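J.: Take a look at this one; I'll ask things after.
The values are calculated or read from the model by the stated rules, or taken from the named source; none is laboratory data. Just so you know, these numbers come straight off a predicted model, no measurement behind them. Heads up, the Cβs are rebuilt from the backbone with ideal geometry, glycines too, and the neighbour counts pull from every protein chain shown. Keep in mind that these areas ignore ligands, DNA and RNA; they rest on the heavy atoms of the full protein, side chains included. Shrake-Rupley method; radii C 1.70, N 1.55, O 1.52, S 1.80 Å.
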Amino acid sequence: STAPPPASDEVPIASGLAPPDVRGSGPIVVGVRDPRQTAAFVRRTVDLLDPERLAGLRKAEEVLGRYARISVQEDLLDRLAGSATVSSRDGRTFTLRSGLDDPGVTAGALVRLGALARFGGPLADLAGVDLGGIAVDEQDGGRYVVTRDGRLLVALAVVDGRLVASTDPGVDLAAAAAVPAGPPAPAAGALRGRLDAEFLKAEIVTRLGLPAFVRGALAPLGAPMVTARGERDIVDVQVVVPVAGG
């Protein structure tokens with residue numbers, strides 16, 4: 001509960017019971033309605049609690065703004081709309097699919113990444129420009145791959161009016177965008193997530209450093225489902241974990 005209530009746009013998720021559309025599958029799948037609000041909350045929270053985690057992103061934003069005239073906030077984050085789904089096949093790399101309120105603005109920003117792609121490397125060195133290790137590779141199909149010191153930061157594309165972004169080097173962005181939304185979910189709030197049962201058991205054993213035989217004791221656990229509803233006076237989160245024979 002919150003007292004006094006914060007402003008509507010300071011709540012972690014959009015208000016109301018309507019669930020998000022969820023696209024994609026994998027061990028981890030989370031859908032959120034009105035992703036712009038959630039993205040802003042996550043960014044404020046990380047910036048407050050662990051500012052160093054955003055240091056690399058800030059450097060990338062500086063380079064993109066100065067040399068490609070791209071505002072990550074205005075051209076990307078502020079354009080997120082409708083529903084967004086974040087999925088992961090391994091818990092370490094993630095793929096985002098999100099609706100956009102103005103796909104043309106975001107698509108135009110990505111086109112300007114092409115200028116940075118052509119300006120990078122030896123040309124930047126010759127001009128005495130420090131890109132902070134940021135490089136952009138412009139690929140077929142409007143796909144742009146942003147790296148820093150040779151390591152993937154994110155691959156992005158606007159496909160059929162949706163933004164697709166991934167930290168997974170092997171992802172097919174066009175195929176990810178084409179995944180249809182799943183069946184309508186019961187009304188429960190703006191956030192809905194699910195976790196594969198076998199993935200959960202493996203992660204518990206691995207992250208806690210437990211012996212492998214403990215996984216047998218976890219066998220009754222089913223796939224957890226998380227739903228959340230946000231209002232100005234309360235954020236209500238429910239986690240349901242099926243247990244065989246329970």
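J.: Does PHE94 satisfy the criteria of being within 17 Å of THR167 (Cα to Cα) and of a type in the set (Phe, Trp, Tyr)? Before you say what the answer is, go through the steps one by one.
T.: Values: within 17 Å of THR167 (Cα to Cα): yes; of a type in the set (Phe, Trp, Tyr): yes.
The answer is yes for PHE94.
Let's see how each residue does on (1) open to solvent by less than 60 Å² (accessible area, probe 1.4 Å); (2) closer than 21 Å to VAL86 by Cα; (3) not aliphatic (A, V, I, L, M):
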position: GLY189; (1), (2), (3): yes, yes, yes
position: GLU198; (1), (2), (3): no, yes, yes
position: GLY209; (1), (2), (3): no, no, yes
position: ALA217; (1), (2), (3): no, no, no
position: PRO224; (1), (2), (3): yes, yes, yes
position: VAL237; (1), (2), (3): no, yes, no
position: VAL243; (1), (2), (3): no, no, no
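J.: Collect the residues in the range 167-187 that are outside any helix (DSSP H, G or I), within 20 Å of GLY82 (Cβ to Cβ) and either open to solvent by less than 40 Å² (accessible area, probe 1.4 Å) or in contact (Cβ under 8 Å) with a residue 40 or more places away in the chain (or both), keeping them in residue-number order. Break it down into steps so the answer makes sense when it comes.
T.: Our first condition is that a residue be outside any helix (DSSP H, G or I); within the range 167-187, this holds for 167-172, 179-187.
Imposing the further condition that a residue be within 20 Å of GLY82 (Cβ to Cβ) reduces the set to 179-187.
Within the range 167-187, VAL179, PRO180, ALA181, GLY182, PRO184, ALA185, PRO186, ALA187 qualify.
J.: Could you list, ordered by first residue, the pairs with Cβ atoms under 6 Å in which the first is in the range 134-155 and on the phi < 0 side of the Ramachandran plot and of a type in the set (Gly, Ala, Ser) and the second is in a strand (DSSP E or B) and surrounded by fewer than 19 Cβ atoms within 10 Å (Cβ to Cβ), at least 6 apart or interchain?
T.: Listed pairs, sorted by first residue: ALA135/THR147.
J.: Same structure again: Test VAL205 against the stated conditions and say whether it is touching a helix residue (DSSP H, G or I) at 6+ places or on another chain (Cβ under 6 Å), under 25 Å from ARG89 (Cβ atoms) and at pLDDT 90 or above. Steps first, please.
T.: Details: touching a helix residue (DSSP H, G or I) at 6+ places or on another chain (Cβ under 6 Å): yes; under 25 Å from ARG89 (Cβ atoms): yes; at pLDDT 90 or above: yes.
Spelling it out, VAL205 is indeed touching a helix residue (DSSP H, G or I) at 6+ places or on another chain (Cβ under 6 Å), under 25 Å from ARG89 (Cβ atoms) and at pLDDT 90 or above.
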